[in-house]
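What follows is a short report on a single structure.
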Amino acid sequence: MVGGRFVVKFAWSRPAALRVAHEVAILAALGRARVPFLPEVVASSTDPVLLVTRLVPGEALFDVVGSVDRDDVGRQLAEFVAALHRPATRERVESVMGGLPPASLQPVSTDVLRERFVQWARPDQRSAVLRWCDWADEVLAAPRPGVLAHADLHGGNQVWEGGQLRVVVDFETAGLAEAEYDLRCFPGTGPGVELLTATLRHYQEITGGELSAERVMAWHLRTALGDALWRSEAGVPLPDHRTPACWVDDLAGRFTALGIDPDAPHLGSVKADPAQPIK
């Protein structure tokens, strides 16, 4: 932060520079796409790679989610993702950038979870984790059409003030992914799954198309357990300073709260219509 007014991003390595340069291009292309809650770009450069945005006061969603109206939060987040996911937005960005790469931030595969995460779970949890991995593979077996996804829409990349979303930041990993991919962090944000269900409901109201809670949870499974895995293997505490086994218990509770039974035969999501366009 510079002068209490600006956020300056630059890079000390080629991989980091490529990510910041990608964000510069994405934000420039989104400038006229009518997507709300974008950061205000004050200046940018690709030689040297530099991005300057205006600092917006507020707090991360992680810090306020327990004290705000989660239905209203879900409505505002749905406004952002619905606008970002519009075909017209993707077309606008692709016309400027000459195409879009896949979202670069991908969670670990279920094969990695089967091989390496189970040792961090309790013995009584291991068979469930293996079944969940099989379930996630089945749920995600049929690909969905790609949209422009933020791809890292966790609570730390959102600035809130007085119950209002002020800005969504960090578009370094934005790219093509299915719409449900953008909601994969929502089941673990705040108490219960109210934020996810509210966002899904408002998204449908805005777009006329329904997203699949099952697909969101399949991505969430890979994201949450993958995060717990790399942190545990690296000796880095989990963000809430609990154990991987506690996160497995949390996942079981989220499945129950959403009425999803990974042990039941998967017949496809009754809450999603792949043919329904996003308006």
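Structure values in brief
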quantity	calculated
Residue satisfying condition, being in a loop (DSSP other than H, G, I, E, B), free of Cβ contacts under 8 Å to residues at least 12 places away in the same chain and of a type outside the set (S, T, N, Q), within set Pro191, Pro237	Pro237
Residues that are surrounded by 16 or more Cβ atoms within 10 Å (Cβ to Cβ) and modelled with pLDDT under 95, drawn from the range 9-18	Ala11
Looking only at the range 46-66, and only at residues there that are at pLDDT 95 or above and of a type in the set (Gly, Ala, Ser), the one that is nearest to Glu94 (Cα to Cα)	Ala60
In the range 148-157, the residues that are outside any loop (DSSP other than H, G, I, E, B) and buried (at least 24 other Cβ atoms within 10 Å of the Cβ)	Leu148, Ala149
Search result, residues across the range 109-139 that are surrounded by fewer than 21 Cβ atoms within 10 Å (Cβ to Cβ) and either among the small types (Gly, Ala, Ser) or within 25 Å of Val168 (Cβ to Cβ) (or both)	Ser109, Ser127, Ala128
Single match in Trp160, Trp135 (criterion: over 30 Å from Arg14 (Cβ atoms) and in a strand (DSSP E or B))	Trp160
Residue among Val20, Val56 that alone is under 30 Å from Val73 (Cβ atoms) and either free of Cβ contacts under 8 Å to residues at least 24 places away in the same chain or touching a Pro at 6+ places or on another chain (Cβ under 9 Å) (or both)	Val56
Tally, over the range 24-53, of residues that are touching a residue at least 24 places away in the same chain (Cβ under 8 Å) and of a type in the set (Gly, Ala, Ser)	4
Matching option when the condition is part of a loop (DSSP other than H, G, I, E, B), within 30 Å of Ala16 (Cα to Cα) and not acidic (Asp, Glu), among Arg144, Arg166, Arg122, Arg116	Arg144
Output for the range 207-236, where each listed residue is closer than 23 Å to Phe80 by Cβ and surrounded by fewer than 18 Cβ atoms within 10 Å (Cβ to Cβ)	Gly208, Glu210
Residues of the range 88-113 classified as within 20 Å of the chain's Cα centre (by Cα) and assigned to a helix (DSSP H, G or I), total	5
Condition met for Asp47 (touching a helix residue (DSSP H, G or I) at 6+ places or on another chain (Cβ under 9 Å) and surrounded by fewer than 19 Cβ atoms within 10 Å (Cβ to Cβ))	no
Hits in the range 27-43 (condition: in a loop (DSSP other than H, G, I, E, B), among the small types (Gly, Ala, Ser) and crowded, with 16+ Cβ neighbours inside 10 Å)	Ala33
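The values are calculated or read from the model by the stated rules, or taken from the named source; none is laboratory data. The structure presented is a predicted model; accordingly, all values stated were derived computationally and were not measured. Positions of Cβ are backbone-derived with ideal geometry, glycine not excepted, and every protein chain shown enters the neighbour counts.
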